[in-house]
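Take a look at the structure below.
The values are calculated or read from the model by the stated rules, or taken from the named source; none is laboratory data. Remember, it's a predicted structure, so these values are computed and weren't measured experimentally. Neighbour counts are summed over all protein chains in view; Cβ atoms, including those assigned to glycine, are modelled from backbone coordinates with ideal geometry. SASA here: full protein model, heavy atoms, side chains in, ligands and nucleic acids out. Shrake-Rupley method; radii C 1.70, N 1.55, O 1.52, S 1.80 Å.
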Amino acid sequence: MRIAVSSDMDEPVAGQVVDELRRRGHTVLSYGALRPGDRKDWAWSAEAAARAVADGTADQAVVCCWTGTGASIAANKLPGVRAALCADAYTARGARRWNDANALALSLRSVSGPVLGEILDAWFDAAASEDADDRDNVAHLAEVEAGVARGGRDR
Ligand SMILES: O=C(CO)[C@H](O)[C@H](O)COP(=O)(O)O
């Protein structure tokens, strides 16, 4: 897969993300602190990586900042991007399965070497659920984004 990777900091963990993705056979497109000349700040770097997903340049993104929160918020501003901040493998698996997440947000502060590997394994091993309820939820996100969703009552 083509994975857009961004970081607002030139931290060793960001380099480990790139190395781990390449080791798994992915093509890495770098943004922010990982790409000379790019604006590094979290809002800009995560936007750039998420924009690559939104415009089809990349299949998925991994967006990093110190907490992971700013990067996830920024990435979720791009159309069609569903970014999930994941601190463990269970959450990463669920984000892919139930949320059909296409951008993984990571905290550079809290993701250590072995945990990073576990998160990436879970993320890439999981697939989006075909369950009707799950698809309905994800479809609703697109409707909200398009401004055509109406408030619902519980079924
Ligand atoms: O976690 C972050 C945003 O959610 C940033 O990485 C953190 O705020 C540090 O940014 P800066 O170095 O620009 O102060």
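Which value in deg cm²/dmol, rounded to the nearest 500, describes the helix-derived mean residue ellipticity at 222 nm for the chain, given -39,500 (n - 2.57) per DSSP H run of n ≥ 4 and division by the residue count?
Values: 6 runs with 71 residues, N = 155.
Mean residue ellipticity, 222 nm, calculated: -14000 deg cm²/dmol.
Compute the distance from the alpha-carbon center of the range 109-153 to that of the range 13-35, in whole Å.
22 Å
By how many degrees, between 0 and 90 and to the nearest 10, does the Cα long axis of helix 113-125 differ from the longest principal axis of the chain?
Result, in degrees: 40.
Measure nothing but the geometry: give the 0 to 90° angle between the long axis through the Cα atoms of 12-23 and the longest principal axis through the Cα atoms of the chain, rounded to 10°.
70 degrees
Specify the angular offset, from 0 to 90 degrees and rounded to the nearest 10, of the alpha carbon long axis of helix 89-99 from the longest principal axis of the alpha carbons in the chain.
Compared with the principal axis, the helix lies near 40 degrees.
Please check which bits of the range 73-116 a label hung off Asp59 would reach, taking the label as a point 7 Å along Cα-to-C-beta and the cut-off as backbone N under 12 Å.
Output list for this probe position: empty.
Roughly speaking, to the nearest percent, how much of the chain's 1.4 Å accessible area is carbon and sulfur?
On the way: 4010 of 8300 Å².
Accessible surface attributable to carbon and sulfur in the chain totals 48 percent.
So with the 1.4 Å probe, I'd like the accessible area per residue for the range 2-127, rounded to whole Å². Walk me through the intermediate numbers first.
On the way: 5710 Å² over 126 residues.
Result: 45 Å² per residue.
Work out the charge dipole of the chain with +1 on the Cβ of Lys and Arg and -1 on the Cβ of Asp and Glu about the Cα centre, then indicate which of Trp44, Ala103, Gly15 is farthest towards its positive end.
Going by the Cα projections, it comes out as Trp44.
Would you work out the relative contact order for the chain, in percent, from Cα pairs under 8 angstrom that are 6 or more residues apart?
Values: 307 pairs, mean separation 31.3, N = 155.
Rounded, it is 20 percent for the chain.
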